Amino acid sequence: MSLFASVEMIPGDPILGLSEAYVADARPGKVNLGVGIYYDEQGRIPVMRAVRDVEQALAREAKPRGYLPIDGMPAYNQATQKLVFGAESPLLAAGRVATSQTIGGSGALRIGADLLKHVLPNAKVALSNPSWENHRLVFSSAGFEVVNYAYYDAETHGLDFAGMLADLGKLEPGSIVLLHACCHNPTGVDPTLEQWKQVVALVKERGLMPFIDMAYQGFDKGIETDAMAVRLFAESGIESFVVANSYSKSFSLYGERVGALSIVGKGREEALRVQSLVKRTIRSNYSSPATHGGALVAGVLNSAELRAVWEQELGEMRERIHGMRAGMVEKLAAAGEPQYGFIQQQAGMFSYSGLSKAQVDRLREEYAIYAVGTGRICVAALNRANLDTVVNAVAAVSR
Ligand code: PMP
């Protein structure tokens with residue numbers, strides 16, 4: 001009898017399953033709004049101009065591929081710190097931030113979770129309700145008990161801010177609270193600046209450990225504004241917090257697995273001690289990160305010229321999404337469904353559309369339009385060629 005006989009089949013990731021069904025669908029004009037990927041106007045995953053420049057230079061140089069340090073490329077980590085915390089950040093000047101290149105934002109979350117389990121073994125982890133599905137899996141796999149705090153208000157399609165504050169206020173001191181820096185996945189609903197200030201004050205007062213996940217910097221208002229939450233925590237006087245950031249979307253480098261974990265400590269000496277623990281955690285997971293994606297990101301961020309090109313293109317992507325949101329709302333209103341105005345208020349690649357499971361099923365079965373069962377749609381997968389198809393179908397299932 002096989003020693004694996006007791007292993008049960010685990011259901012596949014519902015979103016990836018949706019993509020498989022989409023690929024297998026032979027109907028022309030099918031649209032996949034189930035993904036978490038930015039597509040350009042032609043429906044392609046862009047290769048960004050600045051990235052292509054660095055890639056061509058790297059190909060010409062044909063450098064050897066030795067191992068990177070456990071915590072990654074120094075040039076990548078320094079550029080990441082400036083992007084996440086701001087070039088003039090007093091925290092950086094004080095040496096309080098320990099940053100490590102990781103295998104995507106997911107790697108940063110998992111390394112951060114493993115590290116926190118070591119430091120705060122009995123802490124609970126609070127996630128927004130809802131949150132990115134993998135958050136629960138990452139933190140529970142690291143051994144944490146995961147709880148929820150109120151977040152999305154289905155009535156208003158906005159933030160249940162009172163509920164959020166009430167739930168965060170009930171957490172034990174030393175609890176870990178996972179916060180989405182911007183462009184909340186899956187809802188597209190973010191706190192305002194004033195609301196963030198209150199969240200930061202509450203987290204400080206309760207002695208919670210903030211763990212900020214920033215996977216969409218630059219996708220809502222801009223690189224600096226989208227990092228507002230990180231900047232507020234940095235200014236708050238809170239001594240320790242954690243930031244996981246991802247370049248998957250902002251550099252359109254999904255498969256290169258580019259991310260970073262930054263841990264803020266009380267001072268330089270504490271940051272060094274924490275970094276030694278981060279390195280041991282990485283060593284025991286995957287030993288060291290990957291060279292190619294890191295070299296692409298570092299090459300862009302450390303060249304003033306290429307960085308400007310990258311910012312320009314990221315801005316174009318952001319504007320394209322805003323345009324699609326506006327177009328969808330306007331066209332839905334013209335089709336007699338004015339109740340979708342909130343889609344324009346939501347931020348980033350996703351919207352909680354308010355479509356029910358039954359409506360999502362009809363979209364797929366009758367119109368070959370794929371969305372997540374929760375009603376999450378990826379507005380970054382809309383374009384001028386598919387917008388009318390989507391709008392007409394959404395209007396039809398809304399009647
Ligand atoms: N956090 C959130 C909120 C995300 O949406 C994602 C990607 N879907 C990640 C983290 C992980 O990013 P990566 O693909 O770089 O691992």
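The values are calculated or read from the model by the stated rules, or taken from the named source; none is laboratory data. Everything numeric here is computed off the predicted structure, so don't read it as measured data. Virtual Cβ from ideal backbone geometry, glycine too; neighbours counted across all protein chains shown.
Say whether the condition of being touching a Gly at 6+ places or on another chain (Cβ under 7 Å) and either closer than 16 Å to Tyr247 by Cβ or of a type in the set (Lys, Arg) (or both) is met by at least one residue in the range 36-56. Yes: one or more hits. Within the set Ala87, Ala93, the sole residue that is free of Cβ contacts under 8 Å to residues at least 24 places away in the same chain, surrounded by fewer than 21 Cβ atoms within 10 Å (Cβ to Cβ) and either closer than 19 Å to Leu272 by Cβ or within 16 Å of the ligand (Cβ to nearest atom) (or both) turns out to be Ala93.
Looking at the structure I just gave you, is Tyr39 surrounded by fewer than 19 Cβ atoms within 10 Å (Cβ to Cβ) and modelled with pLDDT of 95 or more? Please lay out each step first, then the result.
Numbers: surrounded by fewer than 19 Cβ atoms within 10 Å (Cβ to Cβ): no; modelled with pLDDT of 95 or more: yes.
No, not satisfied.
Test Ala380 against the criterion of being surrounded by fewer than 19 Cβ atoms within 10 Å (Cβ to Cβ) and either over 19 Å from the mean Cα position of the chain (by Cα) or in a helix (DSSP H, G or I) (or both), and give yes or no. Walk me through it before giving the result.
On the way: surrounded by fewer than 19 Cβ atoms within 10 Å (Cβ to Cβ): no; either over 19 Å from the mean Cα position of the chain (by Cα) or in a helix (DSSP H, G or I) (or both): yes.
Here the answer is no, as Ala380 does not meet what is asked.
Out of the range 56-77, which residues are part of a helix (DSSP H, G or I) and either surrounded by 15 or more Cβ atoms within 10 Å (Cβ to Cβ) or in contact with a His (Cβ under 9 Å, 6 or more places away or on another chain) (or both)? Steps first, please.
The initial filter retains those residues of the range 56-77 that are part of a helix (DSSP H, G or I), namely 56-61, 74-77.
Listed by number, the residues that qualify are Leu58, Ala75, Tyr76, Asn77.
So which residues in the range 21-41 are more than 24 Å from Phe251 (Cα to Cα) and of a type outside the set (Phe, Trp, Tyr)? Ala21, Val23, Ala24, Asp25, Ala26, Arg27, Pro28, Gly29, Lys30, listed by residue number. Quick test of your reading of the structure: Val329 fulfils all but one of (1) in contact with a strand residue (DSSP E or B) (Cβ under 7 Å, 6 or more places away or on another chain); (2) free of Cβ contacts under 8 Å to residues at least 40 places away in the same chain. Name the failing condition by number. Exception for Val329: condition (1). Of everything in the range 236-288 that is within 18 Å of Gln81 (Cα to Cα) and of a type in the set (Phe, Trp, Tyr), the residue that is nearest to the chain's Cα centre (by Cα) is Tyr247. Pairs linking a residue in the range 227-255 that is without any contact (Cβ under 8 Å) to a residue 40 or more places away in the chain and among the aliphatic types (A, V, I, L, M) to a residue that is away from the ligand (no atom under 13 Å from the Cβ) and not in a strand (DSSP E or B), with Cβ atoms under 6 Å and 6 or more positions apart or on different chains, are Leu232/Trp196; Leu232/Val200; Ile238/Lys204.
Taken over the range 1-18, the residue count meeting the criterion of being touching a residue at least 40 places away in the same chain (Cβ under 8 Å) and out of contact with any Phe, Trp or Tyr (no Cβ under 8 Å at 6 or more places or on another chain) is 3.
Identify, by number, the condition in (1) under 30 Å from Gly323 (Cβ atoms); (2) part of a loop (DSSP other than H, G, I, E, B) that Thr80 doesn't meet. Going through the list (1) under 30 Å from Gly323 (Cβ atoms); (2) part of a loop (DSSP other than H, G, I, E, B), Thr80 breaks only (2).
Do the conditions hold for Thr156, that is, is it within 16 Å of the ligand (Cβ to nearest atom), farther than 27 Å from Pro11 by Cα and not aromatic (Phe, Trp, Tyr)? Give the steps one after another, and end with the answer.
Working: within 16 Å of the ligand (Cβ to nearest atom): no; farther than 27 Å from Pro11 by Cα: yes; not aromatic (Phe, Trp, Tyr): yes.
No.
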